[in-house]
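Only one structure is covered here, and it is reproduced in the block below.
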Amino acid sequence: MRIGLLDGGQRERRPATLDEHVERARLAEDVGLASVWFSNIYGHDAMTIAALAARVTTRIELGTAITPTYPRHPHAMAQQAASTGAAARGRFTLGIGPSHRVVVEDMWGLSYERAYAHTREYLSVLVPLLSIGKIEHAGRRFTVRAHLTSIDGLPVPVLLAGLGPKMLALAGTLAAGTITWMVGARTLRDHIVPRVREAAAQAGRPAPRIVVELPLALTGDVAAARELARRMFKTYASLPAYRAMLDREGAAGPAEVAVVGDHDAIGEQLLRLAEAGATDFNAAPFSLGERDAGLDACLRSLVRIGAQLAAPRGSLDRGGSEVSWPG
C-alpha cells in the first residue's frame, strides 16, 4: 500500500497559503512519501497547486482529491488537467467527483438531479480527452467535438470519488479506480473494494486503484485526539453520502474512523486498511498541538510504516525487535 499526504483535508484553523501548500509537497517528497494530494474545498484550486508543486519536486506523485465536476465543463477540466500533467511530467493523477447536493445546489445554484447520469456522461467525455486527446460525443448533457493540443501532458489517469454502488461501478468501468473519505476498514472490505474490482473485471480493465483518505493524528493521547476529530470533522457526519458509510461501519462519526495513536497503533490501523483492499492511503494530519508530533515527524513515521507494510508479514521494527501487527 502506497502512503501519501492529503493536504488541505485537515480543516485547518487558518487556511494554508499557496506557498505553504507547495512547501508541504516538497516536504512530502523529501521525507520519502509516495504521493501528495490536494483537496479542493474552499481554498486554492487543487490543480493549480499541483502544477506549482510539480515544478519544485521530481519524484512524488501529485493528485487532486477531489476536483468537483459541476463547475467545470469536461473539456475545460481536461485542458487544465493536461496542462497540470505536462507540468508534472507524467506524475499527475486527477481525482474528480460530483460533490454533494448541499454544495452544488445551495452554494453554486446548480441542479444536482440525476448526479449519476451526469457523472457517467462527464467521464465519457473526460477520460478519452485525457487518454488520446480528442472526443466526439453527442449526449443528453454534453455535446463535445473537441481535441487537446497539449498532449505533452497525456495521459492523465482519472479517479472517481464514489461511495454508492452505481458510482463505484463507474469508478471501475470508466475510471482508473476510486478515492474515499471517511470510510473505515470494514466498509472498505465489504462494500467499496468488491464493487470497484468487479466492475473493472467485467469491463476488462486493469485492477483499479483504491485510494483511502482519513484524518490521522500521531499522538499518545488517543482519547483527546478522537475528541478533537469529533469536533473538527463533525460536518461530514451530516452529509448523506458520508453518513451512509459511517453507518455501514457502525461508527457514530468521523472520530471513530480517524487513524489515531502512536507509531505502532497507526501501523496496525493501516495494516487493516491494506488487508481490506486499499492500494493507497493518504493521511490528513491533525494534532492537539505541542503534545503531538509535528508534521515532519508525522510524515517520517508514515514513511517507516509504509516500508514496514511492504516487508514480509507486515512486521514492525521497534527498537531492534520485531513485533507482528495483528491482522
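The values are calculated or read from the model by the stated rules, or taken from the named source; none is laboratory data. Just so we're clear, the structure is a prediction, and the values are computed from it rather than from any experiment. Neighbour counts run over all protein chains shown; Cβ positions are idealised from the backbone, glycine included. Side chains are part of the model used for accessible areas, which takes the heavy atoms of the whole protein and leaves out ligands, DNA and RNA. Shrake-Rupley method; radii C 1.70, N 1.55, O 1.52, S 1.80 Å.
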Fill in the blank from the handout: Pseudo-spin-label distance Tyr42 to Arg114, built 7 Å along Cα→Cβ, given in nm, is 3.3
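Taking only the C-alpha atoms, wrap a convex hull around segment 9-76 and report its volume per residue in Å³ as a whole number. Provide the component values of the computation, followed by the final result.
Details: hull volume 6.5 nm³, N = 68.
With only Cα atoms used, segment 9-76 gives 95 Å³ per residue.
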Exercise for the section: Report relative contact order for segment 44-194 in percent, whole number only (criteria: Cα-Cα under 8 Å, sequence separation at least 6). Expected result: 23
Practice task
Pull out the extension gain between Asp264 and Thr58, defined as 0.36 nm times the separation in residues minus the alpha carbon to alpha carbon distance; nm, one decimal.
Solution key: 71.1 nm
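Counting helices only, and only those DSSP H runs with n ≥ 4, report the 222 nm mean residue ellipticity of the chain as the sum of -39,500 (n - 2.57) divided by its residues, in deg cm²/dmol to the nearest 500.
Details: 11 runs with 129 residues, N = 327.
-12000 deg cm²/dmol, from helical runs alone.
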Completion exercise
Probe 1.4 Å, all chains present, heavy atoms only: His100 accessible area in Å², nearest 10, is 40
Fill in the blank from the handout: Distance in nm between Glu227 and Ala138 label points, each 7 Å along Cα→Cβ, equals 6.4
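Please give the per residue accessible area of the chain, computed with a probe of 1.4 Å over protein heavy atoms only, in Å².
On the way: 14110 Å² over 327 residues.
That works out to 43 Å² per residue.
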Practice task
Could you tell me the distance between the Cα centroids of segment 181-196 and segment 71-124, to the nearest Å?
Solution key: 23
Exercise for the section: Compute the relative contact order of the chain as a whole-number percentage, counting only Cα pairs closer than 8 Å that sit 6 or more residues apart in sequence. Expected result: 17
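On the protein heavy atoms, probe 1.4 angstrom, tell me the percent of accessible surface of the chain carried by carbon and sulfur.
Details: 7250 of 14110 Å².
Here it works out to 51 percent.
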Handout entry: Accessible-area order (highest first, 1.4 angstrom probe) of the listed residues Ser83, Ser150
Key = Ser83, Ser150
Fill in the blank from the handout: Karplus-derived 3J(HN,Hα) from phi for segment 110-115 (6.51 cos²θ - 1.76 cosθ + 1.60, θ = phi - 60°), whole Hz, x at Gly and Pro, runs 10, 8, 9, 4, 6, 4
Problem - Longest DSSP-loop-exposure-free segment, chymotrypsin sites (Phe, Trp or Tyr not before Pro), the chain, at most 14 other Cβ within 10 Å - result: 109-327
Problem - Binned Cα-Cα distances of the chain, short to long, each 20 Å bin given as a whole percent - result: 32, 60, 8, 0
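Order 155-162, 224-231 from most to least packed using the mean count of other Cβ atoms within 10 Å. It would help to have the intermediate numbers written out before the result.
Numbers: 155-162: 23.6, 224-231: 18.1.
Highest mean packing first, the order is 155-162, 224-231.
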Fill in the blank from the handout: SASA check, Arg72, accessible area w/ 1.4 Å probe, all protein chains in place, rounded to nearest 10 Å², comes out at 50
Handout entry: Long-range amide H partners of Leu6 with built H, under 5 Å
Key = Trp37, Ala283, Ala284
